[in-house]
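**Student:** Below you will find the structure I want to go over with you.
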Amino acid sequence: MAAPSRTSVLALYKALLRESGRFTSYSYREYALRRVKDAFRENRALQEPEKVASLMARAQESLDVIRRQVVVGNLYSVNKLVIEGGQ
(Lines give C-alpha, C1' and ligand atoms only; values in the text may rest on other atoms or scores of the structure.)
Protein backbone atom coordinates (compact mmCIF):
# COMPACT_ATOMS: atom_id res chain seq x y z
CA MET A 1 0.00 0.00 0.00
CA ALA A 2 1.40 3.39 -0.99
CA ALA A 3 1.74 6.12 1.58
CA PRO A 4 -0.50 9.15 1.18
CA SER A 5 1.20 11.97 -0.68
CA ARG A 6 2.60 15.00 1.10
CA THR A 7 -0.01 17.22 -0.56
CA SER A 8 -2.88 15.05 0.68
CA VAL A 9 -1.47 15.13 4.22
CA LEU A 10 -1.10 18.92 4.08
CA ALA A 11 -4.60 19.31 2.63
CA LEU A 12 -6.05 17.28 5.49
CA TYR A 13 -4.00 19.29 8.02
CA LYS A 14 -5.29 22.58 6.60
CA ALA A 15 -8.87 21.28 6.56
CA LEU A 16 -8.58 20.25 10.21
CA LEU A 17 -7.19 23.66 11.17
CA ARG A 18 -9.88 25.46 9.18
CA GLU A 19 -12.72 23.46 10.70
CA SER A 20 -11.27 23.69 14.22
CA GLY A 21 -11.17 27.46 13.85
CA ARG A 22 -14.92 27.51 13.19
CA PHE A 23 -15.86 26.55 16.76
CA THR A 24 -17.72 29.45 18.33
CA SER A 25 -16.57 28.53 21.83
CA TYR A 26 -13.09 29.82 22.61
CA SER A 27 -12.22 26.80 24.75
CA TYR A 28 -13.28 24.22 22.16
CA ARG A 29 -11.61 26.15 19.35
CA GLU A 30 -8.27 26.47 21.13
CA TYR A 31 -8.35 22.86 22.31
CA ALA A 32 -9.09 21.51 18.82
CA LEU A 33 -6.40 23.67 17.20
CA ARG A 34 -3.83 22.63 19.79
CA ARG A 35 -4.66 18.92 19.41
CA VAL A 36 -4.43 19.06 15.61
CA LYS A 37 -1.10 20.89 15.65
CA ASP A 38 0.36 18.62 18.33
CA ALA A 39 -0.73 15.41 16.60
CA PHE A 40 0.74 16.42 13.25
CA ARG A 41 3.93 17.74 14.85
CA GLU A 42 4.36 14.51 16.81
CA ASN A 43 4.14 12.36 13.67
CA ARG A 44 6.00 14.70 11.33
CA ALA A 45 8.98 12.39 10.73
CA LEU A 46 6.94 9.20 10.33
CA GLN A 47 7.97 7.24 7.22
CA GLU A 48 6.08 3.93 7.51
CA PRO A 49 3.40 3.91 4.76
CA GLU A 50 0.97 1.72 6.72
CA LYS A 51 1.20 3.88 9.83
CA VAL A 52 0.82 7.09 7.81
CA ALA A 53 -2.26 5.68 6.05
CA SER A 54 -3.72 4.62 9.40
CA LEU A 55 -3.17 8.06 10.90
CA MET A 56 -4.65 9.71 7.80
CA ALA A 57 -7.82 7.62 8.17
CA ARG A 58 -8.02 8.56 11.84
CA ALA A 59 -7.51 12.25 11.00
CA GLN A 60 -10.29 12.07 8.40
CA GLU A 61 -12.62 10.62 11.04
CA SER A 62 -11.61 13.44 13.39
CA LEU A 63 -12.38 15.98 10.67
CA ASP A 64 -15.88 14.52 10.30
CA VAL A 65 -16.40 14.70 14.07
CA ILE A 66 -15.19 18.30 14.22
CA ARG A 67 -17.54 19.28 11.37
CA ARG A 68 -20.51 17.75 13.20
CA GLN A 69 -19.55 19.36 16.50
CA VAL A 70 -19.20 22.79 14.88
CA VAL A 71 -22.75 22.49 13.54
CA VAL A 72 -24.08 21.38 16.92
CA GLY A 73 -22.15 24.15 18.67
CA ASN A 74 -23.64 26.75 16.34
CA LEU A 75 -27.14 25.60 17.25
CA TYR A 76 -26.55 26.51 20.90
CA SER A 77 -24.73 29.83 20.92
CA VAL A 78 -23.44 31.33 24.14
CA ASN A 79 -22.13 34.75 25.11
CA LYS A 80 -18.52 35.44 24.22
CA LEU A 81 -15.92 35.28 26.95
CA VAL A 82 -14.07 38.39 28.06
CA ILE A 83 -10.91 36.97 26.47
CA GLU A 84 -12.73 37.01 23.10
CA GLY A 85 -13.83 40.61 23.41
CA GLY A 86 -17.27 39.87 24.87
CA GLN A 87 -18.82 41.39 27.95
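**Student:** (1) closer than 12 Å to Tyr13 by Cα; (2) of a type in the set (D, E, K, R); (3) surrounded by fewer than 12 Cβ atoms within 10 Å (Cβ to Cβ); (4) within 13 Å of the chain's Cα centre (by Cα): which one isn't true of Arg44, the others all being true?
**Tutor:** Among (1) closer than 12 Å to Tyr13 by Cα; (2) of a type in the set (D, E, K, R); (3) surrounded by fewer than 12 Cβ atoms within 10 Å (Cβ to Cβ); (4) within 13 Å of the chain's Cα centre (by Cα), Arg44 violates only (4).
**Student:** Now, a different point. Exactly one condition in (1) touching a helix residue (DSSP H, G or I) at 6+ places or on another chain (Cβ under 9 Å); (2) at pLDDT 95 or above is not met by Ala2; state its number.
**Tutor:** The failed condition is (2).
**Student:** Check off (1) more than 19 Å from Ser8 (Cα to Cα); (2) assigned to a loop (DSSP other than H, G, I, E, B); (3) among the aliphatic types (A, V, I, L, M); (4) under 20 Å from the mean Cα position of the chain (by Cα) for Ala32 and give me the number that stays unchecked.
**Tutor:** (2)
**Student:** Residue by residue through region 35-87, note down the ones that are among the aromatic types (Phe, Trp, Tyr) and part of a helix (DSSP H, G or I).
**Tutor:** Phe40
The values are calculated or read from the model by the stated rules, or taken from the named source; none is laboratory data. Owing to the predicted nature of the structure, the values given are computational and were not obtained by experimental measurement. Methodologically, a virtual Cβ is constructed for each residue, glycine included, from the backbone with ideal geometry; neighbour enumeration extends over all protein chains shown.
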